[in-house]
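Below is one structure, written out as structure tokens, with a few remarks after it.
The values are calculated or read from the model by the stated rules, or taken from the named source; none is laboratory data. In this text, all values refer to a predicted model and were calculated from it rather than measured experimentally. Quick reminder, even Gly has a Cβ in these numbers, built from the backbone with ideal geometry, and neighbours come from all protein chains shown.
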Amino acid sequence: MQFLQSVLLRLCTTLITLAGVAVIVFFVIRVVPGNPIAMMLPPGATEADVARLTALYGLDKSIPQQFLIWLSGVVQGDFGTSITTKQPVLQLVLSRLPATLELSVMALIIAIIIGGFMALTGTRLRGSKTEAAIDIGNGMALSVPDFLWGLILILAFGVLIPIFHISGRVTPSLPLPFSTNFYLTESLLRLRFDLWLDIAAHMFMPALALAIPLAAIISQLLKQSLKETMHLDYVTLARTKGYSETHVILREALPNAILPTLTLVGVQFTFLIGGTVIIERLFSYEGLGNMAIDAVINRDLPLIQGIVILFAVIFTGVNLLVDLTYAALNPRLRHA
Amino acid sequence: MSYLSIRNLSARLKGRPDQILRRVSLEVAAGEVRGLVGESGAGKSMIGKAILGTLPQSVEITGGQIILDGTDLLALPAAQRRTLIGAKCALIPQDPLTALNPSRRIGPQITNRLVDILHWSRADAEKRARDLLAEVQIPDPERVMRSYPHELSGGMRQRILIASAFAAEPKLIIADEPTTALDVTVQKQILKLIAAMQARHGTALLFVTHDLGVVSKVCQSLSVLYAGYVLEDSTIPEFFHAPKHPYSRALLAATPKYTDPDGSLTPVSDAVIAATRAEVEAADRSAHV
Amino acid sequence: MLDGRSAIRRKLPARLVLSATWLTLLTLAAICAPLIAPKDPLAQDLFLGQLPPFWLQGHEPGYLLGTDSLGRDVLSRILYGARLALTVALTAGTITCIIGATMGLLAGFLRGWVDILISRAIDIWMAFPPVLFSILLIAVLGPSLTSIIIAIVVIDWTRFARVIRAEAMTQGAMDYVASAQVAGRTRLSTMVTEILPNVLPTIVVLLTLEMGISIIVEAILSFVNLSISTDDPTWGGMIAEGRASIHQAWWVLVFPLITLFLTVLSFSQLGEGLKDRFDPVLR
């Protein structure tokens with residue numbers, strides 16, 4: 001009962017946050033200089049043409065009025081029409097979302113694998129030179145953001161040792177049999193491993209760039225948490241039972257050390273998703289972020305609005321999910 | 001022939017000259033209960049950890065032997081040593097609140113050694129766990145085995161840890177201040193339980209404590225430790241009637257007696273401590289010549 | 001335990017010294033750019049386009065680190081770019097720090113509705129993708145140095161506010177604050193004289209980190225061509241050019257990238273080093 005209550009409370013604050021985001025974006029982009037309508041029309045357009053289009057997009061009304069119209073549309077699932085492509089915003093955004101989601105999740109998986117491996121190795125080899133090296137590596141990886149890692153990866157594996165693709169999502173000449181935009185997932189489901197490999201090879205560099213800082217955070221937090229856990233009596237007790245150090249770390253310490261790491265990783269994952277904006281630009285990857293930057297450059301107000309809201313929904317959704325997972329995984333909370 | 005025999009065991013903090021253990025020798029015969037007494041920091045817990053192979057990484061053993069049932073543990077490769085200890089020794093830890101894994105149910109925490117290390121069948125191991133829980137007077141063992149640690153009281157958890165220590169019928173149990181973290185009211189019951197279990201199973205027990213009162217009730221012999229150095233090795237009657245070392249006498253005078261709880265207490269005097277320290281240092285010097 | 005601590009003590013000055021040295025050199029280079037830059041950073045010469053750095057075949061004397069596709073000297077552009085980067089780091093970092101820390105102190109110490117309001121705002125801010133938000137703000141404000149600074153302040157104040165709020169709360173619960181209150185001081189004066197000095201180390205560390213972040217934000221904005229005018233040398237702008245001509249002239253990307261990397265790393269290591277210094281009980 002208490003659990004349900006706290007979930008409902010979290011949902012309410014999430015909604016307030018989203019409303020706040022909507023209001024701020026809406027008003028910020030109304031101040032954008034430069035007339036988007038004028039940019040759409042051919043050079044010889046008349047004043048009347050401009051006025052007609054302005055009315056069509058509702059831009060002649062007052063800003064609060066525009067907001068109400070927009071909001072009532074959103075409630076019905078209508079996020080307006082993109083000014084540049086003249087397609088519904090929702091449709092455009094949803095067509096790009098899978099690319100960004102696949103990239104983010106791939107990056108998260110890479111970060112967990114690298115970070116987890118580093119934390120476990122560092123714990124297993126406590127006090128050794130390897131642990132010191134891992135600490136220094138973590139420090140470096142944390143100090144430098146994904147944007148710079150992306151550039152370094154481009155240089156290293158795009159130019160110096162050109163083994164990975166550094167732009168695009170898939171080799172353009174390949175015929176794509178997909179019915180959804182989840183290319184990576186669908187190619188796997190259709191057992192088209194040739195395509196999967198091509199897509200994964202395109203995705204790997206941007207995903208790695210996004211993953212490096214998160215991997216360092218996971219490594220650092222998990223190692224710290226493991227270290228604290230390794231001092232506890234139940235770990236010592238397991239050692240005296242005849243278990244190996246590796247078993248003790250993996251089976252006794254890890255399950256308890258993961259929990260405190262989880263919430264922090266959740267917040268960091270939202271930072272990772274935020275990072276896709278510039279990383280997609282850097283690697284010419286056709287996802288939401290790349291579309292967002294184009295939308296800003298083209299002054300496509302309804303599209304910008306839709307994308308920012310979608311990002312906010314993802315961010316708050318991830319945080320909500322993490323909180324729920326935490327509650328579900330912690331036996332102390334579950335049985336309380 | 002002693003079951004456990006420690007000979008000239010020395011240990012220190014890595015890269016530092018300060019000794020934590022100084023040529024410690026002690027014997028525990030099969031079925032014997034030996035107390036290991038000393039103030040905090042005397043190194044008594046370190047001896048237990050050295051036997052079980054759970055010394056902190058910052059501590060290194062610099063010499064000596066730990067002979068368990070005829071095998072020198074320190075000469076064994078790590079993996080072999082672990083399995084040997086897992087089969088023949090067990091630990092009753094100090095703090096029952098942190099000695100059970102919070103994310104696992106009680107049942108597997110008792111049976112895992114039997115199944116994973118000693119290769120019992122799961123059914124046998126579970127039956128054994130139920131029997132032991134009943135033996136340590138835990139009502140409804142079935143339910144307790146399905147519980148998580150946080151659902152049980154401190155006294156219950158210590159009973160479970162005692163049951164778990166006896167699970168594989170070890171020949172030697174090391175009890176590391178097993179009652180210190182408990183309520184005074186529970187302490188006595190737990191002490192009785194350990195004594196009863198020990199008597200019934202005939203297990204040798206190395207009882208690490210700072211409490212001479214506890215030693216007088218449970219142990220047959222004791223070693224007094226100061227600054228990692230064994231000052232005295234006596235049977236219980238010997239010690240309580242005629243302690244050999246001045247420090248032991250002072251320690252005894254500083255301990256409340258169960259027979260006379262209101263009798264006056266004398267704290268260990270600075271003079272005795274200084275003399276003892278001088279003796280330990282002198283012994284160190286002569287050992288290094 | 002003891003060994004680990006003393007090891008860190010010994011290591012600590014090294015990274016502080018190294019990062020401080022790099023930042024000092026960079027600052028000097030930025031100040032003296034007009035004196036030490038070998039060429040005019042804006043001078044184009046299409047006959048001298050994409051010259052390699054000095055150790056490679058086909059280089060031209062005087063162009064130490066080569067030229068970009070318009071024939072502009074890479075080294076001189078890096079030196080001039082440092083001026084913008086450091087200006088942004090100092091001004092944006094400081095203003096963000098003052099505003100963010102004030103918000104955090106107010107929320108954490110005064111509590112009540114002030115805290116509710118500021119915390120809500122932080123929640124909303126956290127739901128924005130920061131890079132997109134900054135690009136959007138620059139689009140609104142128009143590309144200029146002031147816009148960059150405003151964008152950084154508007155987006156990053158929460159970094160300070162979040163941490164300082166939590167610290168102020170912990171400090172506020174301590175006895176010395178209560179005794180100051182009993183002594184009849186006003187809330188605001190207690191905040192400034194009792195709480196502020198105790199959270200100051202954290203503020204300094206965050207400020208150092210924020211300077212590094214500001215430089216990155218500026219680079220990202222110039223990378224998407226939204227920083228200041230496109231002719232002026234910026235590290236981000238150079239990186240964007242380098243990215244475009246990466247297969248023909250890698251040096252156009254490499255040298256600004258190395259400079260940016262070392263600078264960001266130095267700010268961050270400086271911050272981390274200071275954190276260890278301020279926090280004698282290492283966790």
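Here residue B:100 meets the list (1) facing chain A (nearest Cβ under 7 Å); (2) assigned to a helix (DSSP H, G or I) almost entirely, failing just condition (2).
Of everything in the range B:1-40, what is assigned to a loop (DSSP other than H, G, I, E, B), touching a residue at least 40 places away in the same chain (Cβ under 8 Å) and more than 20 Å from residue B:205 (Cβ to Cβ)? Give them in sequence order. Across the range B:1-40, the qualifying residues are B:14, B:39, B:40. Scanning the range C:242-266 for residues that are at pLDDT 90 or above and more than 7 Å from chain A (Cβ to nearest Cβ) gives C:255, C:256, C:258, C:259, C:262, C:263, C:266.
Are there helices (runs of 4 or more DSSP H) fully within the range A:173-265 with at least 3 residues that are farther than 22 Å from residue A:145 by Cβ, β-branched (Val, Ile, Thr) and in contact (Cβ under 8 Å) with a residue 24 or more places away in the chain? List them. First the steps, then the outcome.
On the way: elements: A:183-189, A:193-230, A:233-240.
Hits in the range A:173-265: none.
If residue A:111 passes every condition in (1) surrounded by fewer than 21 Cβ atoms within 10 Å (Cβ to Cβ); (2) of a type in the set (A, V, I, L, M); (3) under 30 Å from residue A:252 (Cα atoms); (4) more than 14 Å from chain C (Cβ to nearest Cβ) but one, which one does it miss? So the condition that residue A:111 fails would be (1).
Among the residues of the range A:89-114, the one identified as more than 28 Å from residue A:216 (Cβ to Cβ) and of a type in the set (Gly, Ala, Ser) is A:95. If only residues of the range B:25-53 that are surrounded by fewer than 16 Cβ atoms within 10 Å (Cβ to Cβ) and of a type in the set (Ser, Thr, Tyr) are counted, the one that is farthest from residue B:287 (Cα to Cα) is B:40.
So is residue C:56 within 14 Å of another protein chain (Cβ to nearest Cβ), surrounded by fewer than 16 Cβ atoms within 10 Å (Cβ to Cβ) and over 19 Å from residue C:235 (Cα atoms) or not?
On the way: within 14 Å of another protein chain (Cβ to nearest Cβ): no; surrounded by fewer than 16 Cβ atoms within 10 Å (Cβ to Cβ): yes; over 19 Å from residue C:235 (Cα atoms): yes.
No: the conditions fail for residue C:56.
Check whether at least one residue in the range A:119-137 is modelled with pLDDT of 90 or more and under 30 Å from residue A:288 (Cβ atoms), and report yes or no.
To start, the set of residues in the range A:119-137 that are modelled with pLDDT of 90 or more comprises A:119-125, A:129-137.
From what's left, under 30 Å from residue A:288 (Cβ atoms): none.
Checking the range A:119-137: not a single residue is modelled with pLDDT of 90 or more and under 30 Å from residue A:288 (Cβ atoms).
Inside the range C:76-134, can you point out the residues that are outside any helix (DSSP H, G or I) and closer than 19 Å to residue C:153 by Cβ?
Looking only at the range C:76-134, we keep the residues that are outside any helix (DSSP H, G or I), and these are C:111, C:127-129.
Listed by number, the residues that qualify are C:127, C:128, C:129.
Of the residues C:153, C:140, the single one that is within 14 Å of chain A (Cβ to nearest Cβ), over 20 Å from residue A:315 (Cβ atoms) and β-branched (Val, Ile, Thr) is C:140. Scanning the range B:1-22 for residues that are buried (at least 18 other Cβ atoms within 10 Å of the Cβ) and away from every other protein chain (no Cβ under 14 Å) gives B:3, B:4, B:5, B:6, B:9, B:10, B:11, B:19, B:21, B:22.
Within the range B:155-183, being without any contact (Cβ under 8 Å) to a residue 60 or more places away in the chain and either buried (at least 23 other Cβ atoms within 10 Å of the Cβ) or under 20 Å from residue B:35 (Cα atoms) (or both) holds for B:159, B:163, B:179. In the set (1) touching a helix residue (DSSP H, G or I) at 6+ places or on another chain (Cβ under 6 Å); (2) in a helix (DSSP H, G or I); (3) away from chain A (no Cβ under 11 Å), residue B:120 fails one condition alone, (2).
Mind telling me which of the residues A:186, A:228 ends up being under 30 Å from residue B:95 (Cα atoms) and either away from chain B (no Cβ under 14 Å) or more than 19 Å from the chain's Cα centre (by Cα) (or both)?
Working: A:186 fails: under 30 Å from residue B:95 (Cα atoms).
Within the list A:186, A:228, the selection yields A:228.
Working only within the range B:51-67, note down all residues that are within 13 Å of chain A (Cβ to nearest Cβ) and part of a strand (DSSP E or B). Of everything in the range B:51-67, those that are within 13 Å of chain A (Cβ to nearest Cβ) and part of a strand (DSSP E or B) turn out to be B:59, B:60.
Going by what's in this entry, would residue A:271 be described as closer than 30 Å to residue A:9 by Cα, of a type in the set (Phe, Trp, Tyr) and within 12 Å of chain C (Cβ to nearest Cβ)? Can you show your working first?
Working: closer than 30 Å to residue A:9 by Cα: yes; of a type in the set (Phe, Trp, Tyr): yes; within 12 Å of chain C (Cβ to nearest Cβ): yes.
Answer is yes for this residue.
For the condition buried (at least 21 other Cβ atoms within 10 Å of the Cβ), of a type outside the set (D, E, K, R) and under 26 Å from residue A:315 (Cβ atoms), residue C:195 does not qualify. If you go through the range B:77-97 and pick out every residue that is at the interface with chain A (Cβ under 7 Å from one of its Cβ atoms), in contact with an Asp or Glu (Cβ under 8 Å, 6 or more places away or on another chain) and not in a loop (DSSP other than H, G, I, E, B), you end up with 1. When residue B:73 is tested against the conditions (1) more than 14 Å from chain A (Cβ to nearest Cβ); (2) in contact with a strand residue (DSSP E or B) (Cβ under 6 Å, 6 or more places away or on another chain); (3) not aromatic (Phe, Trp, Tyr), the lone failure is (1).
Yes or no: residue A:284 within 14 Å of chain B (Cβ to nearest Cβ) and either in contact (Cβ under 8 Å) with a residue 24 or more places away in the chain or in contact with a Lys or Arg (Cβ under 9 Å, 6 or more places away or on another chain) (or both)? It would help to see each step written out before you state the result.
Numbers: within 14 Å of chain B (Cβ to nearest Cβ): no; either in contact (Cβ under 8 Å) with a residue 24 or more places away in the chain or in contact with a Lys or Arg (Cβ under 9 Å, 6 or more places away or on another chain) (or both): yes.
Criteria not met by residue A:284.
Exactly one residue out of B:272, B:208, B:268 is assigned to a loop (DSSP other than H, G, I, E, B), closer than 28 Å to residue B:17 by Cβ and in contact (Cβ under 8 Å) with a residue 12 or more places away in the chain: that is B:268.
Of the listed requirements (1) part of a loop (DSSP other than H, G, I, E, B); (2) of a type in the set (Gly, Ala, Ser); (3) modelled with pLDDT of 90 or more, residue B:129 misses just one: (1). Evaluated against (1) within 14 Å of chain C (Cβ to nearest Cβ); (2) buried (at least 16 other Cβ atoms within 10 Å of the Cβ), residue A:90 falls short on exactly one condition, (1). Taking the criterion of being surrounded by 18 or more Cβ atoms within 10 Å (Cβ to Cβ) and either over 18 Å from residue B:28 (Cα atoms) or of a type in the set (A, V, I, L, M, F, W, C) (or both), the residues of the range B:212-223 that qualify are B:212, B:214, B:215, B:218, B:219, B:222. One residue is enough: does the range A:132-151 have a residue meeting the conditions surrounded by 16 or more Cβ atoms within 10 Å (Cβ to Cβ), over 19 Å from residue C:245 (Cβ atoms) and of a type in the set (Ser, Thr, Tyr)? Checked the range A:132-151: at least one residue is surrounded by 16 or more Cβ atoms within 10 Å (Cβ to Cβ), over 19 Å from residue C:245 (Cβ atoms) and of a type in the set (Ser, Thr, Tyr). Among the conditions (1) under 29 Å from residue B:217 (Cβ atoms); (2) modelled with pLDDT of 90 or more, the only one that residue B:74 does not satisfy is (1). In this structure, does residue A:225 turn out to be in the same structural domain as residue A:322 (by TED's automatic domain parsing), surrounded by fewer than 24 Cβ atoms within 10 Å (Cβ to Cβ), farther than 23 Å from residue C:216 by Cα and in contact with a Lys or Arg (Cβ under 7 Å, 6 or more places away or on another chain)? The answer is no for residue A:225.
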